[in-house]
Amino acid sequence: MALDFETADQGRDSACSIGLVRVERRTIVHREHRLIRPPRRNFQFTAIHGISWSQVAQEPPFAQLWPQLAACLEGAQFIAAHNASFDAGVMRACCEQAGLQPPSQPFVCTVQLARQAWNLRPTKLPDVCRHLGLPLQHHNALSDAEACANIVLAAGRDGTAG
């Protein structure tokens, strides 16, 4: 399982987009991208990800959306994310704000995985994707999540991850 969040502002609870990619038996079997109405109208990062308040104003908040998406994680051994501490923090903050239990799976950081597998530096997502020949529309949550899933799969092929 891989995921990526985009946030509206500095608050970790300000998720405005999520991408989820499920992998089973080394194959991507499900992709999901949803916009999320964050708790505040303040968008500081529109220039990075292109999402504005007008695009999410009618979307469900995390509390409504997550119970539908959580099923994607059923049976997953881990959740992969690039710079996983960020996405894990967003997940925790959004769950806490919504009164929901965060997923129990550990997060696997594809930054660390890329450093271990291929001794890459720098390890920003575009750098790793370029090294592996993966397509990327950076800061699109689904594209970023799919890239993370493919990094884990590539590391597994190279004998670094399972």
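The values are calculated or read from the model by the stated rules, or taken from the named source; none is laboratory data. All figures in this text were calculated on a predicted structure; none of them were measured in a lab. Reconstructed Cβ throughout: ideal geometry from the backbone, glycine too, with neighbour counts over all protein chains shown. To get the accessible areas, we keep the full protein, side chains included, count just its heavy atoms, and leave off ligands, DNA and RNA. Shrake-Rupley method; radii C 1.70, N 1.55, O 1.52, S 1.80 Å.
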Q | Count of the range 27-38 residues which are open to solvent by 60 Å² or more (accessible area, probe 1.4 Å) and under 20 Å from D9 (Cβ atoms) | A | 2
Q.
For the condition over 20 Å from P67 (Cα atoms), touching a His at 6+ places or on another chain (Cβ under 8 Å) and modelled with pLDDT of 95 or more, what is the one hit in G19, G50?
A. G50
Q. Is the range 74-87 home to any residue that is of a type in the set (V, I, T) and either part of a helix (DSSP H, G or I) or at pLDDT below 95 (or both)?
A. no
Q) Could we say that L100 is modelled with pLDDT of 95 or more, under 28 Å from W66 (Cα atoms), open to solvent by 40 Å² or more (accessible area, probe 1.4 Å) and out of contact with any His (no Cβ under 9 Å at 6 or more places or on another chain) here? A) yes
Q. Among the residues of the range 1-26, how many are crowded, with 23+ Cβ neighbours inside 10 Å, part of a strand (DSSP E or B) and of a type in the set (A, V, I, L, M)?
A. 6
Q: Residue by residue through the range 44-62, note down the ones that are open to solvent by less than 50 Å² (accessible area, probe 1.4 Å), in contact (Cβ under 8 Å) with a residue 24 or more places away in the chain and either farther than 18 Å from D4 by Cβ or within 17 Å of the chain's Cα centre (by Cα) (or both).
A: F45, H49, G50, I51, P60, P61, F62
Q: Select from the range 41-93 the residues that are among the hydroxyl-bearing types (S, T, Y) and more than 29 Å from T123 (Cα to Cα) and list them in ascending order.
A: S54
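Can you report the number of residues in the range 63-95 which are of a type in the set (D, E, K, R), surrounded by fewer than 16 Cβ atoms within 10 Å (Cβ to Cβ) and closer than 21 Å to L35 by Cβ?
Summing the residues that are of a type in the set (D, E, K, R), surrounded by fewer than 16 Cβ atoms within 10 Å (Cβ to Cβ) and closer than 21 Å to L35 by Cβ in the range 63-95 gives 1.
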Q: Could you run through the range 103-144 and say how many residues are surrounded by fewer than 19 Cβ atoms within 10 Å (Cβ to Cβ), touching a helix residue (DSSP H, G or I) at 6+ places or on another chain (Cβ under 6 Å), touching a residue at least 40 places away in the same chain (Cβ under 8 Å) and over 28 Å from P39 (Cα atoms)?
A: 0
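Looking only at the range 10-22, count every residue that is more than 11 Å from the chain's Cα centre (by Cα) and closer than 18 Å to H138 by Cα and tell me the total.
Let us first name the residues in the range 10-22 that are more than 11 Å from the chain's Cα centre (by Cα), namely 10-14, 16, 22.
If we keep only those that are closer than 18 Å to H138 by Cα too, we end up with 16.
Going through the range 10-22 one residue at a time, the tally reaches 1.
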